[in-house]
Each structure stands twice: as structure tokens, then as C-alpha cells.
1. Could you tell me the distance between the Cα centroids of the range 378-428 and the range 143-216, to the nearest Å?
2. Explain nothing, just compute: Karplus ³J(HN,Hα) = 6.51 cos²θ - 1.76 cosθ + 1.60, θ = phi - 60°, for every residue of the range 170-179 in order, whole Hz, x for Gly and Pro.
3. Given a Förster distance of 51 Å, report the FRET efficiency between K343 and Q556 from their Cβ-Cβ distance, rounded to the nearest 0.05.
4. Testing the spin-label approximation: label points 7 Å from Cα along Cα→Cβ at D401 and V239. State their distance in nm.
5. Quick one: P(r) of the range 324-371 from all Cα-Cα pairs, 5 Å bins, percents rounded to integers, in order of increasing distance.
6. With θ set to phi - 60°, apply the Karplus curve 6.51 cos²θ - 1.76 cosθ + 1.60 along the range 135-141 and write out the HN-Hα couplings as whole Hz, x wherever there is a Gly or Pro.
7. How much accessible area per residue does the range 134-263 have, counting only protein heavy atoms and a probe of 1.4 Å, in square angstrom?
8. Between K450 and K123, what is the label-point separation in nm under the 7 Å Cα-to-beta-carbon projection?
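The values are calculated or read from the model by the stated rules, or taken from the named source; none is laboratory data. If you're wondering where the values come from, they're calculated on a predicted model, not measured in any experiment. Virtual Cβ from ideal backbone geometry, glycine too; neighbours counted across all protein chains shown. Quick note on the areas: whole protein, heavy atoms, side chains included, nothing else; ligands and nucleic acids left out. Shrake-Rupley method; radii C 1.70, N 1.55, O 1.52, S 1.80 Å.
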Amino acid sequence: LFPLAVRGSEGLYMVNGPPSFTESPAFQRDSGKNCKAVAFSKDGSLFAWCNGEKVNVVNITRAELLHSFDLPKTVCLEFSPKNNVLATWQAYATAKDGTAGVPNLQLHDLRTGKCLKSFMQKKMQNWCPCWADDESICARNVNNEVHFFENNNFNTIANKLHLQKVSDFVLSPGAQPTKVAVYVPGSKGAPSFVRLYQYPNFGGPQSALANKSFFKADKVTMLWNKKATAVLVVASTEVDKTGASYYGEQTLHYLAANGESAVVQLPKNGPIYDVAWSPNSVEFCAVYGFMPAKATVFNLKCDPVFDFGTGPRNAAYYSPHGHILVLAGFGNLRGQMEVWDVKNYRLISKPVASDSTYFAWCPDGEHIVTATCAPRLRVGNGYKIWHYTGSVLHSYEVPSDEEMWQVFWQPFLDGVFPEKAVKYQAVPSELPRAEPRPAQAYRPPALRNKPVTSSKLHEDEPPQNMKPHLGGNDKPLSKTALKNQRKHEAKKAAKQEAKADANQGPAQVKPPQNALQNTVPAMTTGDPEVDKKIKNLKKKLKAIEQLKEQAAAGKQLEKNQVEKIQKEAALLNELEDLELGV
């Protein structure tokens, strides 16, 4: 069972995941309406919440209360990766006489229950210290420099990373050695930059593993891949000076720990809505461009691997095993989802979760939760549990006078659930399949009794594989084979034309041979000189066709015009050779 924690005006409780969906006895419901903060530990064994009176910590597996801290105003909670420390944050407040307030960030030892250290932390943004996965290092940003502590000893600063004005930093996941990505915003004409360092080598710019500078950045988002080999940086400006976008301007940059860096070239202009690393760490997906947005998977060379075409989407979610990708359109979009098998790039299902404000994969890689939560939406609050094949397995809607604020899965460590083969057939469900009602476009009264004509503002681009085809039946044809294929097609077309002529009777004039060619879009060879020659040859052949029509109509031709007609065969051969690249 994969429990789901639910927080709202009905209190805080846990629901068992598939297949039972009953309230979990492992956690006793807290019916208070003032629950502001909740958190699971990384392995899912511990759970903490603040109910407006105390911060309680329970062991979910043993269903026992471990600690209770007297911190009624706590609004943020976080466990360290190995469950040794609980961090709590209360809103900062100055004393009545204007003097500095009391420390509001506490770090508690979960073995003894004692407070290890208290810090002053005014801003809620980036309030929590960051730990390496083995807890050998802990770091926090203090007055534009990063302070490092070792082995949870918070009384001694073991290291400092000091740059002009470090605005943000992210520690790498996984085993030692720990790497750190830092962002320094630009000022006075100097560019912003992101640098990668390996702890504890911070001695000047030469010690950086990689560096990427850029001018257009008011804020950045830095994303490490799971293997800690590369970072994706989404740089955003608050205002798009060209006026093309309400959302400002975004660029996507790639930095590797081996020193490589690049700007990821996105083929469509517009905002970057979402970027997600595949858990395999060798691919990432970007959702970008003015609506309908494009979605593309790139490799570590920043080359496109697969293009999902365009559609109503603004988010991408890889399953925990990385074998399935969900592209979704939430927020101001209708909640359409596309579920893709990313090993074979095959569409599995297209469910619709209308009015969703939250989406999360279950740690088993099979199930999904979507939810409508307050305060984003105050009505129709509730959640649905889906199988990725599109079946709704469980649905809960809170009473109309209640609200739901948060819903999230109990986490599990990687490797607990094995990867299962991808299914394409929808799994059976007792609930009816959610079929969205087609939205009716407004029609003015004068048109309501007339037939509906399809009028799209834009055509959606279809998905396409960007990998070069190698081997199999996709081998490119040789020049001779291509020439023979063209001749065969030409003969076939001539036969069909002759049949059509016979059916039409002798009275009708035969259409010119190149009328068929004119309907075919112009192909380019890539060589401007060759293209020019092809264009001239086609011009000459068109003139010959017109002369032949004049002769057929009984007009007397000049000697040079007759000579032109005699050159037709030679010109056709020359054109064929040029088009085949011989």
C-alpha cells in the first residue's frame, strides 16, 4: 500500500493507496483545522506536522509518537536525508521595541529531541539548510555567501564559499564527492553566471568545474541530474523587452561537471514552461514555445532525440523509473495529459484531469494522483488516483463547505519498487471512465442553424523521431536505385494519364506533362548553384511545352523554335541527373 497524506479543513489524515483507498490506521487523524505544515522523511518512515499547538513527529511504520516540540507558529518543516535532524521555521518577527527578533530557524536532533542550533532566517524563500545525501555536509546561504557545516556540527563553520553576491545554490544529489552549483546575478553591466564547484575546492575561478555566464537573467532555476554529472539552468527575466511575451523571457543552459557548457537551442520562440531530467540522467525534456507548446527530449549533447509536436501543455513529469513521461496542461489549460512510453516513444493514453492544481507520480511508477486544492481553487476540491493507462481508480471530492489544501504520497527510497513492463490496455476500474464533455464554441445566433465548419487557429504539429535512422529497412537508397524508382513512378503516372485521356475522349486537350510537376513543392539540394541550374532547366522545359501546344494548335513555328523542341529529351535527362545529385 502507498499511503497518501491529505491536509485540509477536515483535518489531517492518511488514505491507503491502491487497491483499498481506505483511511490508514497507521496514522491517527488530527481533526484540527489549523494544520499549517507537514513533511515526510526521505525514506517515508517518519512524518511531522504542526497543528497550531505543537510540532509532532511520528514513526509511521511503528505508529508511535517520537517527539513533540512546543513550536505553535511553525509554518515550514523539513527532515534531513538520514532522519537525524528536523528543521523548523517560524515567521520572523522583530521585538516591540524594534530590536532584533529571536532566532526563528531551529534544528532538532531526532535521537535526543534537543535543539542542536538556532539561526536567524528572515526570508521564507530558501529557508531550509541543504544536506548532502549522506549528511556529511550541510550548507546555508548567509549574507550572500554559502556556509558549510560538517557531520551536523552547527557550532563550527567548516568552509565558506564567498563570491560577489551568491543569490542561490544547489548541492548535487548522490554519493560523495559533493558538488555545488552557485548562481551570482549580474550587476553594473557585468553578466550573471552559474558556476559548479566540487566541495571543498573553492579557491578562485580556476577551481570551478564549469562556468556559464549570461546577460538575460533576473532569476534562475538550477536542476541537477540524478547522477550529478550535469546541471540545467533556466534563466528568466521579469520583463520581455521585445514585448513578445507577458511571462518575461527565458533561456535554457546546460553545464556539465566535466567543464562543457551550451545554450540549448529551442526551435520555437516563447516561454519555457517546464524542464525535467529523466531519472536515467542522460536525457531531459523541455516544454516551451507560445501555445500550442512544443515538447522535446534532448540528449547530453543538447541534440533533439524526439519531438512530441505541439499541444496544450505546460508541464512534464517523468515516472520514478524514467520509463514513462506525462506531458500535461494544468493551470489555465484544461488538464489534458499525454502519457508516453519513452523507450519506444509510443502514446499510451490521453486522460483529462480538469481543474487540477497538483500532479504527482506514486513511488511505484504505476499510479498518479491529481488534485484540486485551495487556495488556488476554492471550489470542487478533491483528488483522483489514476493508473497511467488512463483509468480513474479512486475519486474523492470534499463537501462543498470544506476545503482541501494539500495531498501527497508517502515517499519510498529508490529500488523499493521494481520497474514493470509498460501496459497499453486500460486497467479495469469500478469507476466510469472520465470522458470530458467536448467544449462547444460560441456561435452567434445567425449561424446556429447552419452546418458547423471547422476553423482552427493553428494546426498541431505531429510527433516525430529526431534520431537519424540507421540499419533496418530505413537504409537510404543508392543513386541508381533512386533513379530507377523515379523512372518506374514516371511510367506508372504516364499509364494512368493515358487511361484518363482515353476516358475523356479526343475532344479534350491533353494537359501539359509538367502540370503534375508544378503541384509538387520545390525541393532544394542544399547547393545554391545546383538549385539555380534546376530552376533554369525547368523554365526552358516550360517554354518547350508552350511551343508544343502552339504547334498542336496549327501555328507555324520558326526554325529556332523547332530546334528548342528537339532539345527536350536532353534537357529532361540533365534535370533528372541534377535532381538525383549525379
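1. Using only Cα atoms to place each centre, the spacing works out to 38 Å.
2. Listing the rounded values in order: 9, 7, 6, x, x, 6, 5, x, 7, 10 Hz.
3. 0.10
4. 4.9 nm
5. Pair shares across the bins are 5, 22, 30, 25, 14, 4, 0.
6. So the Karplus estimates, Gly and Pro as x, are 6, 6, 10, 9, 9, 8, 8 Hz.
7. Accessible area per residue, the range 134-263: 49 Å².
8. Distance between the two pseudo-spin positions: 5.7 nm.
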